[in-house]
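One structure is given below, encoded as structure tokens.
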Amino acid sequence: MRVFVSYLRRENSRSSLRRVARVVEGLGRPYVDDLVDHSGGERYRAVTEAVRSADVFVGVATPGYPSTPWTRWEFGVALVRGVPRYAVLPDLTLVAAGAPGWPWSSDVEAGLAAAADPDRPPPPPTRPTPLTGGDAARA
């Protein structure tokens, strides 16, 4: 199973993303953008294809998620596609959508689903956003 991990870059370090990847490995093979080698320059395509083809979606719950066009699009695509959704909480607890502890309200989800068009991702960033304690790309 392909697991897409969505997160707000500025609120997650590479080491925290490695911990998240270990938490979700029980669901399948995690795709964590900042842990993938994009030296070929295909980051935008890789991210959009990964979210569109995921069998499972995992959002990393931080205060600013879902505040960017990318996190909103990724979450919305998962909703529109109807794939199983999970959240990783700050204490690294994995929570299924709708279960006690689920961090996003049905109102938030409805807004994300209404705005999501799987065929129209946000444009690529014009300027890389630094990864907390690391490198760049998706905000």
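The values are calculated or read from the model by the stated rules, or taken from the named source; none is laboratory data. Please read all numbers here as calculations on a predicted model, not as lab measurements. Here the Cβ is made from the backbone with ideal geometry for all residues, glycine too, and neighbour counts use every protein chain on show.
Counting the residues of the range 86-126 that are on the phi > 0 side of the Ramachandran plot and free of Cβ contacts under 8 Å to residues at least 60 places away in the same chain gives 2.
Scanning the range 55-64 for residues that are within 14 Å of VAL108 (Cβ to Cβ) and part of a strand (DSSP E or B) gives a single hit, GLY59. Each residue in the range 69-90 was checked for being surrounded by fewer than 21 Cβ atoms within 10 Å (Cβ to Cβ) and either of a type in the set (S, T, N, Q) or under 10 Å from the mean Cα position of the chain (by Cα) (or both), and 1 of them qualify.
On the stretch given as the range 65-86, residues that are closer than 12 Å to SER6 by Cβ, among the β-branched types (Val, Ile, Thr) and not in a loop (DSSP other than H, G, I, E, B) total 2. Among the candidates ALA50, ALA46, the residue that is more than 20 Å from THR93 (Cβ to Cβ), without any contact (Cβ under 8 Å) to a residue 60 or more places away in the chain, touching a His at 6+ places or on another chain (Cβ under 9 Å) and of a type outside the set (Asp, Glu) is uniquely ALA46. Just to be sure, is VAL83 modelled with pLDDT of 95 or more and within 21 Å of SER13 (Cβ to Cβ)? No: the conditions fail for VAL83.
Yes/no matrix, rows are residues, columns are (1) over 16 Å from the mean Cα position of the chain (by Cα); (2) of a type in the set (Gly, Ala, Ser); (3) modelled with pLDDT of 90 or more; (4) within 21 Å of GLY26 (Cα to Cα):
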{"residue": "GLU49", "(1), (2), (3), (4)": "no, no, yes, no"}
{"residue": "LEU92", "(1), (2), (3), (4)": "no, no, yes, yes"}
{"residue": "ALA96", "(1), (2), (3), (4)": "no, yes, yes, yes"}
{"residue": "ALA99", "(1), (2), (3), (4)": "yes, yes, yes, yes"}
{"residue": "ALA110", "(1), (2), (3), (4)": "yes, yes, no, no"}
{"residue": "ASP119", "(1), (2), (3), (4)": "yes, no, no, no"}
{"residue": "PRO130", "(1), (2), (3), (4)": "yes, no, no, no"}
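Scanning the range 29-54 for residues that are more than 17 Å from ARG85 (Cβ to Cβ), assigned to a loop (DSSP other than H, G, I, E, B) and among the aliphatic types (A, V, I, L, M) gives a single hit, VAL36. Restricting the range 15-29 to residues that are farther than 21 Å from ALA97 by Cβ and among the small types (Gly, Ala, Ser) leaves a set whose member that is surrounded by the fewest Cβ atoms within 10 Å (Cβ to Cβ) is SER15.
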